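Here's the structure, in structure tokens; my notes come after.
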Amino acid sequence: MSPVLTTRPATRDDVPLILTFIKDLAEYERLSHEVMATEKDLTETLFGPRPGAEILLGFTADEPVAFALFFSSYSTFLAKPGIYLEDLFVRPAWRGKGFGKAMLSVVAKVAVERGCGRLEWSCLDWNEPSIGFYKSLGAQVMDEWTVYRLTGKTLMGFAGAD
């Protein structure tokens with residue numbers, strides 16, 4: 001019998017688990033050196049007065065096996081809100097069982113319920129398993145777009161806050 005995935009929104013009590021998932025994802029993406037998040041930071045930014053994102057947790061039985069972090073975006077061309085999926089992660093031992101697809105489907109349902117015009121995400125260009133998975137869902141590759149980022153001292157300097 002195949003394991004069953006159940007999902008629920010994360011709560012403040014889940015912050016230690018969320019941080020574990022973030023660190024596991026960073027390790028998979030070869031970006032552990034970039035993780036600066038702490039439980040305190042996550043509590044303030046996800047469950048404080050102005051939450052920056054929402055998190056969906058996936059379980060089989062009582063074991064946490066997946067998480068998705070997403071937030072609102074907006075399309076001026078569509079004049080509709082959207083959802084940006086920042087992170088989708090299934091623990092390695094649970095991959096290939098449909099859990100990633102189930103998690104993404106729940107996020108897609110949230111987008112539809114909220115009247116969103118799109119659901120978007122990024123994927124590292126070397127991550128062939130994920131790229132194949134996303135293409136199998138019918139997701140379009142946005143090759144003509146390049147991501148730009150200001151962070152840390154560069155962001156502070158540009159904002160005149162250095």
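The values are calculated or read from the model by the stated rules, or taken from the named source; none is laboratory data. If you're wondering where the values come from, they're calculated on a predicted model, not measured in any experiment. All Cβ positions, even for glycine, are placed from backbone atoms using ideal geometry, and neighbour counts span all protein chains on display. The accessibility values were calculated without ligands, DNA or RNA, using every heavy atom of the protein model including side chains. Shrake-Rupley method; radii C 1.70, N 1.55, O 1.52, S 1.80 Å.
Go through PRO16, LEU46, ILE83 and say which Cα lies farthest out towards the positive end of the charge dipole of region 1-83; charges sit on Cβ, +1 for Lys and Arg, -1 for Asp and Glu.
ILE83
Using the Cα centre of the chain as origin and beta-carbon charges of +1 (Lys, Arg) and -1 (Asp, Glu), tell me which of ASN127, TYR148, LEU56 is placed farthest towards the positive end of the dipole.
Value computed over the given set: LEU56.
In the chain, what percent of the accessible surface is made up of carbon and sulfur (1.4 Å probe, ligands and nucleic acids excluded)?
Carbon and sulfur atoms account for 56 percent of the accessible area of the chain.
Give the long-range amide H neighbours of LYS80: residues separated by 5 or more places, or on another chain, with amide H under 5 Å away, using H modelled in the peptide plane at 1.01 Å from N.
Answer set, sorted by chain and number: SER75.
Take the alpha carbon atoms of region 111-154, find their center, do the same for region 11-86, and report the distance between the two centers in whole angstrom.
With region 111-154 and region 11-86 each reduced to a Cα centre, they are spaced 15 Å.
Given Cβ point charges of +1 (Lys, Arg) and -1 (Asp, Glu) and nothing else, what value in debye, to the nearest 20, does the dipole of region 88-127 about its Cα centre take?
About 220 debye.
Distance in nm between label sites at LYS135 and THR11, each 7 Å beyond Cα in the beta-carbon direction?
Those two pseudo-labels are separated by 4.2 nm.
With +1 on each Lys and Arg Cβ and -1 on each Asp and Glu Cβ, and nothing else charged, work out how big the dipole of the chain is about its Cα centre, in Debye to the nearest 20.
So the magnitude is around 420 debye.
Work out which chymotrypsin sites (Phe, Trp or Tyr not before Pro) in the chain are exposed loop sites (DSSP not H, G, I, E or B, at most 14 other Cβ within 10 Å) and give the longest gap free of them.
1-76
With the crude spin-label approximation of a point 7 Å out along Cα→Cβ, what separation in nm comes out for ARG50 versus GLU128?
Computed distance between label sites ARG50 and GLU128 equals 4.4 nm.
So what are the ³J(HN,Hα) numbers for region 137-143, from phi and the Karplus equation (6.51, -1.76, 1.60; θ = phi - 60°), rounded to whole Hz, Gly and Pro as x?
3J(HN,Hα) across region 137-143, in whole Hz: 7, x, 5, 8, 7, 9, 4.
Please find, in a Gaussian network model of the chain (springs between Cα atoms separated by less than 10 Å), the residue of SER122, SER136, SER32 whose mean-square fluctuation is greatest.
Maximum among the listed residues: SER136.
Mind counting lysine pairs for me in the chain? Cα separation below 27 Å, and the two need to be 8 or more apart along the chain or on different chains.
Pairs that pass both the separation and distance tests number 15.
Send over a whole-number figure in Å² for the accessible area per residue of the chain, probe 1.4 Å.
For the chain, the per-residue accessible area is 67 Å².
Report, for the chain, the % of DSSP beta bridges that are antiparallel, rounded to 5.
Counting only bridges with both partners in the chain, antiparallel ones make up about 85 percent.
Between beta-carbons, use under 10 Å as the cut-off and find the net charge around ALA53, counting Lys and Arg +1, Asp and Glu -1.
For residues surrounding ALA53, the net value is -3.
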